[in-house]
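Heads up: the structure comes next, in structure tokens.
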Amino acid sequence: MEQQKKIRKIPMRQCLGCNEHKPKQELLRVVRSPEGEISLDFTGKKSGRGAYICRDVKCLRRARKSRRIERNLECEIPESVYDVMEQELSAYAE
């Protein structure tokens, strides 16, 4: 009998900025740690509740304007934290 090659399922996530479904690997995770700290998770391994956005500053700005990240992470995010995330993301994209 032939061995069937196992097809791996690619985990998909929805970007909170543009609403597109993309493979999890292509997206960037925004994490609320158990201590309540909000940060960008470039590794995808930090513990805490996560929300996903494209690796694009435009998507972060769109999600910021619509407050979708806050709703998803069930907490309020100060403007200063958004500013830091924007700087980190634009530095990472270069």
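FYI, it's all coordinate maths here, none of it is from the lab. A quick note: this is a predicted structure, and the numbers were derived from the prediction, not measured. Glycine gets a Cβ as well: all are built from the backbone with ideal geometry, and neighbour counts include every protein chain shown.
Can you tell me the orientation of helix 79-93 relative to the chain, as the angle in degrees between its alpha-carbon axis and the longest Cα principal axis, to the nearest 10? Here the helix axis deviates by roughly 50 degrees. Each label point was placed 7 Å from the Cα along the Cα-to-Cβ direction; for Ser66 and Asn19 their separation is 0.6 nm. Calculated mean residue ellipticity, 222 nm, the chain: -10000 deg cm²/dmol, from DSSP H runs (n ≥ 4) at -39500 (n - 2.57) each, averaged per residue and rounded to 500. Taking amide H positions as modeled 1.01 Å from N, with prolines and chain starts lacking one, the residues under 5 Å from Cys54 and 5 or more places away or on another chain are Leu16, Gly17, Cys18, Leu28. Residues Tyr52, Tyr92 in ascending order of nearby Cβ atoms (within 10 Å, fewest first): Tyr92, Tyr52. Note the angle between two axes, namely the Cα long axis of helix 57-66 and the longest principal axis of the Cα atoms of the chain, as a number of degrees from 0 to 90, rounded to the nearest 10. Tilt relative to the chain: about 70 degrees.
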